[in-house]
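The next block holds one structure in the form of structure tokens; read it before the comments.
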Amino acid sequence: MLSPEIKDAIIRELSELVSKSGHFQYAGRYCEQLCVNLSEICHSPHILLTSSGTAGVEIALRAAGISPGDRVLLSAYDYPGNFWAVERVGARPVLLDVEASGWRISVSAAEDVLDHSAPAKPRALIASHLHGQLQDAAALRSLCEKHGVLFVEDSCQAIGAQVGGRPAGNWGHVGIFSFGGGKVLSAGRGGALATSDPMLAQRMVIAAGAGSGPYAMSELQAATLLPQLNYLASTNEACVRYFASLAELLQTQEVCAPWVGNIANSAFYQAGFLLPSRHEATKPLQAKILQAFAQAGISGGSGFPGFHRRSTRRCEHGVPLRNTSTLVDRTWVLHHQVALDGQRNPRQLSELILPLLPSISGLP
């Protein structure tokens with residue numbers, strides 16, 4: 001079991017910090033070392049530590065000069081904080097539908113908006129790797145380059161993943177990471193930005209303000225994160241093994257794991273699964289699964305509620321977001337700790353889930 005070992009490593013590091021420090025600095029050797037290590041992981045020379053991944057998205061937008069009146073593309077299925085970050089800089093979210101079989105942005109939908117939106121072309125695109133499924137980052141980066149659009153690659157759920165032969169967070173003009181509560185690397189709060197563009201890096205520092213400001217990470221947070229980096233690869237490997245086995249056991253009931261074809265390169269904060277689209281009562285089935293998880297003490301959830309119901313006063317969505325609206329009721333997720341705590345192996349977990357889905361196997 002990895003979880004106790006990781007906790008012990010954190011306690012040792014924090015104990016050393018407290019015993020050796022007469023006071024805590026705003027930033028010091030822990031923050032400096034964390035920047036070095038993150039740079040090595042994501043192959044980006046410029047790292048800025050922040051108070052959260054959401055703050056990182058806001059800083060990236062401000063650093064690119066995005067301001068009131070600008071438009072920003074993002075998925076209609078995404079973490080709500082990304083929508084709020086766009087609003088905080090005064091810009092207007094422009095929603096994109098997802099693919100029919102998962103949580104990835106439809107590249108064709110993004111291309112259609114960018115090809116037909118002159119002169120008020122969006123200034124940025126935010127794309128998040130979610131629930132173990134990785135975005136088509138190469139296609140999105142190419143599209144952004146073609147139209148002169150900032151590509152913000154949200155890798156808050158995918159640190160350590162490989163996307164098209166490159167680390168997650170390396171495809172974007174800026175990559176975003178999160179160390180919030182429950183993440184694979186967690187300090188309760190915290191985040192980071194990564195970029196290879198020195199000019200953008202300088203602007204990010206300016207947008208974030210002073211090291212003692214509201215967007216900064218503390219030495220305590222950095223000290224908590226550093227020992228966890230030693231376990232990142234083994235944590236991701238354990239999650240890949242566990243969720244691959246679970247997906248294989250569940251496929252007999254047509255439960256879809258959109259990440260399974262690329263699982264060796266993925267990383268899991270949460271592993272997402274989809275109920276069959278042909279089933280008439282996906283919402284009750286979703287609720288039944290989540291109730292069983294709660295009763296068994298298993299950390300799971302329903303993913304995100306999506307933005308497809310949000311008023312056009314707050315955002316743009318010129319076409320019906322059909323895939324997103326369907327996807328929300330089909331999604332359920334398992335926290336990565338399920339793969340690490342040793343309480344249930346994949347077969348035991350499948351034996352809890354499969355009886356809840358008796359009608360699916362009989363679908364025509």
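The values are calculated or read from the model by the stated rules, or taken from the named source; none is laboratory data. It should be emphasised that the depicted structure is a prediction, and the values quoted were computed from it without experimental measurement. Because the Cβ atoms are built from the backbone with ideal geometry, glycine has one as well, and the counts that use them run over all protein chains shown.
Structural remarks
- Those helices (runs of 4 or more DSSP H) of the range 142-258 in which 3 or more residues are buried (at least 22 other Cβ atoms within 10 Å of the Cβ) occupy 219-229, 232-250.
Conditions (1) under 15 Å from residue 317 (Cα atoms); (2) at pLDDT below 95, marked per residue:
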residue	(1), (2)
74	yes, no
77	yes, no
84	no, no
92	yes, no
101	no, yes
106	yes, no
117	yes, yes
140	no, no
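- Options 309, 347: the member that is of a type in the set (Lys, Arg) and modelled with pLDDT of 95 or more: 347
- Complete set of residues in the range 278-328 that are under 19 Å from residue 109 (Cα atoms) and either part of a helix (DSSP H, G or I) or acidic (Asp, Glu) (or both): 316, 322, 323, 324, 325, 326, 327, 328
- Annotation note: of 302, 350, the sole residue that is more than 18 Å from residue 242 (Cα to Cα), in the same structural domain as residue 267 (by TED's automatic domain parsing) and not aliphatic (A, V, I, L, M) is 302.
- Screening 289, 298 for residues that are in contact with a Phe, Trp or Tyr (Cβ under 7 Å, 6 or more places away or on another chain), among the β-branched types (Val, Ile, Thr) and over 30 Å from residue 166 (Cβ atoms) leaves exactly one candidate, 289.
- Top-ranked residue of the range 313-336 - restricted to ones that are in contact with a His (Cβ under 8 Å, 6 or more places away or on another chain) and more than 30 Å from residue 242 (Cβ to Cβ), ranked as modelled with the lowest pLDDT: 317
- Residue in the range 231-253 that is nearest to the chain's Cα centre (by Cα), counting only those that are at pLDDT 95 or above and among the polar types (S, T, N, Q): 236
- Applying the condition of being surrounded by 22 or more Cβ atoms within 10 Å (Cβ to Cβ) and touching a Leu at 6+ places or on another chain (Cβ under 6 Å) to the range 267-288 and asking which residue is nearest to residue 335 (Cα to Cα) yields 271.
- Some residue of the range 283-302 being at pLDDT 95 or above and under 22 Å from residue 83 (Cβ atoms): yes
- Residues of the range 195-205 that turn out to be farther than 14 Å from residue 51 by Cα and touching a residue at least 60 places away in the same chain (Cβ under 8 Å), as a count: 7
- Any hit, the range 330-343, residues being outside any helix (DSSP H, G or I), out of contact with any helix residue (DSSP H, G or I) (no Cβ under 8 Å at 6 or more places or on another chain), within 22 Å of residue 83 (Cα to Cα) and not assigned by TED's automatic domain parsing to the domain that holds residue 182: yes
- Filter result for residue 52 (in contact with a Lys or Arg (Cβ under 8 Å, 6 or more places away or on another chain) and either buried (at least 22 other Cβ atoms within 10 Å of the Cβ) or under 23 Å from residue 157 (Cα atoms) (or both)): yes
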